[in-house]
1. Stretched out fully, how many nm does the piece from TYR102 to VAL273 gain, at 0.36 nm a residue minus the Cα gap?
2. Please get the size of the charge dipole for segment 81-185, origin at its Cα centre, with Cβ charges of +1 on Lys and Arg and -1 on Asp and Glu, quoted in debye to the nearest 20.
3. Could you check the spin-label model distance between ALA332 and GLU69? Points 7 Å from the Cα along Cα→Cβ, value in nm.
4. Can you tell me the dipole magnitude for the chain around its Cα centre, using point charges on the Cβ only (Lys, Arg +1; Asp, Glu -1), in Debye to the nearest 20?
5. Test of the criteria: in segment 96-186, which trypsin sites (Lys or Arg not before Pro) are in a DSSP loop and have at most 14 other Cβ atoms within 10 angstrom of their Cβ?
6. Could you calculate the FRET efficiency of ARG223 with LEU282 from 1/(1 + (r/R0)^6), where r is the beta carbon distance between them and R0 is 22 Å, rounded to 0.05?
7. For the chain, what is the mean residue ellipticity at 222 nm derived from helices alone (per DSSP H run of n ≥ 4: -39500 (n - 2.57); sum divided by total residues; nearest 500 deg cm²/dmol)?
8. Using a simple spin-label model with points 7 Å from Cα along the Cα→Cβ vector, what separation in nm is obtained for SER141 and ARG47?
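Values quoted throughout were computed directly from the atomic coordinates according to the rules given, and no laboratory measurement underlies them. None of these values were measured; they are calculated from a predicted model. Every residue, glycine as well, gets a Cβ built from its backbone with ideal geometry; the counts of neighbours run over all protein chains shown.
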Amino acid sequence: MARRECAGHHGVVADLPWALVQRAEEQHGVVSREQALQAGLSPGVIRTRISYGRWQRLHPGVYALFTGEPSRAAMLWAAVLHAGPGAMLSYQTAAGLAGLTYRTSQLIHVTVPACRRVVPVPDVVVHRSLRAGQARHPALSPPRTRIEETVLDLAETARSFEDAYGWVSAACASRLTTPDRILAAMSQRPRLRYRGALHLALGDIAGGAHTVLEHHYAHNVERRHGLPPAERQVRAVRGRRTEYRDVLYREYQVVVETDGRQAHTDASRWRDVRRDNAAAALGLITLRYSWADVTSRPCWVAAQVGLVLASRGWPGPLRRCGADCQVSLALASAA
């Protein structure tokens, strides 16, 4: 607890104003110079406590009211207090607090109003926003961006659309937010990288596409080639196991499974085989495609899926996705 941090080191809070003690407890033992002055301490008292080592300076004008190594929580508060009024934790730091990522980083990201200027300090990354007031979560402590704003900030700075999709999908899959809420937040941003692609992706996520590969399949294979709309992430119970089928064309009893970039272990490969065999026993045909299949050869995948669906009664037809579409060639080679 923050009180232990403050009071557990040589009784450093024994003679402090109660208002400052309460503030320190709320902020994991960290206060700003302004907060100390407002509580009634004089500049001389503050200097004395620092010079005698009873307090430690974490950033200019930000102090820990205890000795010893500051906790991560204390350093988060120190970054916010250093950044000043209206500051909030954001980007990867806010994502970590929300449970959206478990990757640890020494860097602490804070967002401040666009008009603010913050003195640089080590390990604190400052972002400026014209929408800082709307982006800030109204209740959480320490101050941080709303989850939708956090997701869009990370998508904006992602190295690729696949990485951007990963942030959006992870937030929705973990029930931290919904596609509708992210779309609403997108509408408040006049400029946003990947806007069109993310808009389509959020529709697919709402429909059950959990991974970027499933999105690529839905958009580039299924939708662009006129395949019938499928159900996604369909729950199936086998014995005591609950499984999920990536794509199910229920009327035609055809399943499509998409396998990501990572290499499969022998155990996971045989688990897939057993799942496919169990589906076959129920009359389901399972087609399985890799990342390279879906992203590099979507026309060929569409042609194969279309042929299997047609053998099960789908009237078709497949359509060309563009002038260079290879569906006709793929169909001809399969004939």
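1. Details: separation 171, 0.36 × 171 = 61.56 nm, distance 3.16 nm.
Stretched out fully, the TYR102 to VAL273 stretch lengthens by 58.4 nm.
2. On the way: 11 positive and 8 negative charges, 66 e Å.
Taking the Cα centre of segment 81-185 as origin, the dipole is about 320 debye.
3. Inter-label distance under the simple model: 6.8 nm.
4. Values: 43 positive and 28 negative charges, 72 e Å.
That gives the chain a dipole magnitude of about 340 debye.
5. Numbers: sites: ARG103, ARG116, ARG117, ARG128, ARG131, ARG136, ARG144, ARG146, ARG159, ARG175, ARG181; in loops: ARG103, ARG116, ARG117, ARG131, ARG146, ARG159, ARG175.
When the trypsin sites (Lys or Arg not before Pro) of segment 96-186 are filtered for loop state and at most 14 Cβ neighbours within 10 Å, ARG103, ARG117, ARG159, ARG175 remain.
6. Details: r = 27 Å, r/R0 = 1.23.
Efficiency at R0 = 22 Å is approximately 0.20.
7. -12500 deg cm²/dmol
8. 3.2
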